[in-house]
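Take a look at the structure set out below.
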Amino acid sequence: KAGVTQTPRYLIKTRGQQVTLSCSPISGHRSVSWYQQTPGQGLQFLFEYFSETQRNKGNFPGRFSGRQFSNSRSEMNVSTLELGDSALYLCASSLGLLPGANVLTFGAGSRLTVL
Amino acid sequence: AQTVTQSQPEMSVQEAETVTLSCTYDTSESNYYLFWYKQPPSRQMILVIRQEAYKQQNATENRFSVNFQKAAKSFSLKISDSQLGDTAMYFCAFMKHNNGYALNFGKGTSLLVTP
């Protein structure tokens, strides 16, 4: 069974550019969530999608957005990149269907460097 | 907002010994979930153990067990018979019940297992 796949694994952008990261969840998983990991702030929740609807959102500016497709794949987009957006972006998926089916399986992450 | 505090930034333990990682949290919720996740160096985050707040029995997974004290809002992780492969960053995390699958993480404890 394939795990959570994130692409690209590494990328370098310059300030002001935008970036799109992709996440393919485990087959059958309908919930996808995104986290930002930095040395200073640690792991912070960005947003969660379930059946193409945003179910939860963290405290990030509007430059951070996401979406989920009908096949549960998800993308997140960061516009007008700032140096502080340099981070490891983690995607996690879960079944999202049953009570207790809230164990998140994480991908390897996309490491974004903003110059 | 829920806060999760891990008061030990770094810990060290010898192989085969037992170590306990501390975690406290602050919430006004009565029902929730608590997790310990492990992030080995340059590898992806994996679930160690999960606890449902309404269950009084402490969760156990092989060499990993928790001491869940709901009134004290404490959730410590005990690793028995430590192995070199246990070297990793350990994150304690909180999830509300019936509010989607958003995790609030602590800052993490870096555990080093030495021969």
Does at least one position in region A:47-54 carry a residue that is in contact (Cβ under 8 Å) with a residue 24 or more places away in the chain, touching a Pro at 6+ places or on another chain (Cβ under 7 Å) and surrounded by 17 or more Cβ atoms within 10 Å (Cβ to Cβ)?
-> no
Enumeration of residues in region B:1-28 that are within 14 Å of chain A (Cβ to nearest Cβ) and in contact with a Lys or Arg (Cβ under 9 Å, 6 or more places away or on another chain) | B:2, B:4, B:5, B:6, B:9
What is the one condition in (1) under 27 Å from residue A:34 (Cβ atoms); (2) away from chain A (no Cβ under 12 Å); (3) of a type in the set (A, V, I, L, M) that residue B:112 does not satisfy?
-> (1)
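Considering only region B:1-68, give the strands (runs of 3 or more DSSP E) lying wholly within it that have at least 2 residues that are touching a residue at least 24 places away in the same chain (Cβ under 8 Å) and under 12 Å from the mean Cα position of the chain (by Cα). Show your work before the answer.
Values: elements: B:3-5, B:10-14, B:19-21, B:24-26, B:32-39, B:46-52.
Output list reads B:3-5, B:19-21, B:24-26, B:32-39, B:46-52.
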All conditions in (1) part of a loop (DSSP other than H, G, I, E, B); (2) within 14 Å of chain B (Cβ to nearest Cβ); (3) not β-branched (Val, Ile, Thr) are true of residue A:33 except (1)
So is residue B:96 surrounded by fewer than 20 Cβ atoms within 10 Å (Cβ to Cβ), within 14 Å of another protein chain (Cβ to nearest Cβ) and either over 12 Å from the mean Cα position of the chain (by Cα) or more than 25 Å from residue B:29 (Cβ to Cβ) (or both) or not?
-> yes
Which of the residues belonging to region B:43-52 are under 17 Å from residue A:4 (Cβ atoms) and surrounded by fewer than 20 Cβ atoms within 10 Å (Cβ to Cβ)?
-> B:43, B:44, B:46, B:47
When residues of region A:7-30 are filtered for being within 12 Å of residue A:110 (Cα to Cα) and not in a loop (DSSP other than H, G, I, E, B), how many remain?
-> 9
Which numbered condition residue A:60 fails, given (1) assigned to a strand (DSSP E or B); (2) more than 10 Å from chain B (Cβ to nearest Cβ); (3) of a type in the set (A, V, I, L, M, F, W, C) | (1)
Checked region A:31-44 for anything hydrophobic (A, V, I, L, M, F, W, C) and closer than 16 Å to residue A:62 by Cβ; matches are A:34
Look at residue A:80 and say whether it is over 10 Å from the mean Cα position of the chain (by Cα), surrounded by fewer than 13 Cβ atoms within 10 Å (Cβ to Cβ) and under 16 Å from residue A:20 (Cβ atoms).
-> yes
Mind listing just one residue for me: the one in region B:15-44 that is farther than 14 Å from residue B:73 by Cβ and among the charged types (D, E, K, R) and, of those, modelled with the lowest pLDDT?
-> B:43
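Going by what's in this entry, would residue A:9 be described as away from chain B (no Cβ under 13 Å) and more than 17 Å from residue B:37 (Cβ to Cβ)?
Working: away from chain B (no Cβ under 13 Å): no; more than 17 Å from residue B:37 (Cβ to Cβ): yes.
In short, no.
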Residues of region A:1-40 that turn out to be out of contact with any strand residue (DSSP E or B) (no Cβ under 9 Å at 6 or more places or on another chain) and either over 22 Å from residue B:103 (Cα atoms) or surrounded by 16 or more Cβ atoms within 10 Å (Cβ to Cβ) (or both), as a count = 2
Collect the residues in region B:82-105 that are under 15 Å from residue B:48 (Cα atoms) and not in a strand (DSSP E or B), keeping them in residue-number order.
-> B:82, B:83, B:85, B:86, B:87, B:103
Looking at region A:81-104, is at least one residue closer than 19 Å to residue B:104 by Cβ, aromatic (Phe, Trp, Tyr) and free of Cβ contacts under 8 Å to residues at least 40 places away in the same chain?
-> no
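The values are calculated or read from the model by the stated rules, or taken from the named source; none is laboratory data. Being a predicted model, the structure only gives us computed values, none of them experimental. Glycine gets a Cβ as well: all are built from the backbone with ideal geometry, and neighbour counts include every protein chain shown.
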